[in-house]
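Derivation of every value follows stated rules applied to the coordinates shown; laboratory data play no part. Keep in mind it's a predicted model, so treat the numbers as computed, not measured. So basically every Cβ, Gly included, is an ideal-geometry build from the backbone, and we count neighbours across all protein chains shown.
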Amino acid sequence: MKVTRRREEEAERERLEAIREAEERRKEKHRKLEEEREGMRQGIRDKYNIKKKEEVMPEEPQMPDNPLMRKKKTPEELAAEAEAEDQDDFTKLKNTIETQINEVKQQIEEKVSTATDGKCVLQ
């Protein structure tokens, strides 16, 4: 029993080590290929006087491996998420249209009030 268990454990360790080594070789291969590509890109940029675009990576919060260590959300954030989930596309569209209509009403009321202040003369 113990001999077969040891052999199985040793075989599993060897398998995991082989997988890890293969992954490292793959990553190294891709890193070298990317370096070659970047060299070619830089040659083209130099030839045609093109400036390299700055890669702006959006700062995405790194999710910790342990879910217990994640950042706690405030009650306001939780309420905002719940409200956003409750609203479907139709409700969002309706709210947008209502907001725009109210803005147009305000603009019309302002123009009418300036016209009735005696600044306009009927002809």
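Using 0.36 nm per residue, how much length does the chain from Glu35 to Ile50 gain when fully extended, once their Cα-Cα distance is taken away?
3.5 nm
Calculate the spin-label point distance for Leu93 paired with Thr74, positioning each point 7 Å from the Cα along the beta-carbon direction, and give it in nanometres.
My value for the distance between the label points is 3.4 nm.
Given a Förster distance of 30 angstrom, what is the FRET efficiency for Lys105 paired with Glu85, based on the Cβ-Cβ distance and rounded to 0.05? Please report the intermediate quantities before stating the final value.
Working: r = 30 Å, r/R0 = 1.01.
Using R0 = 30 Å, I get an efficiency of 0.50.
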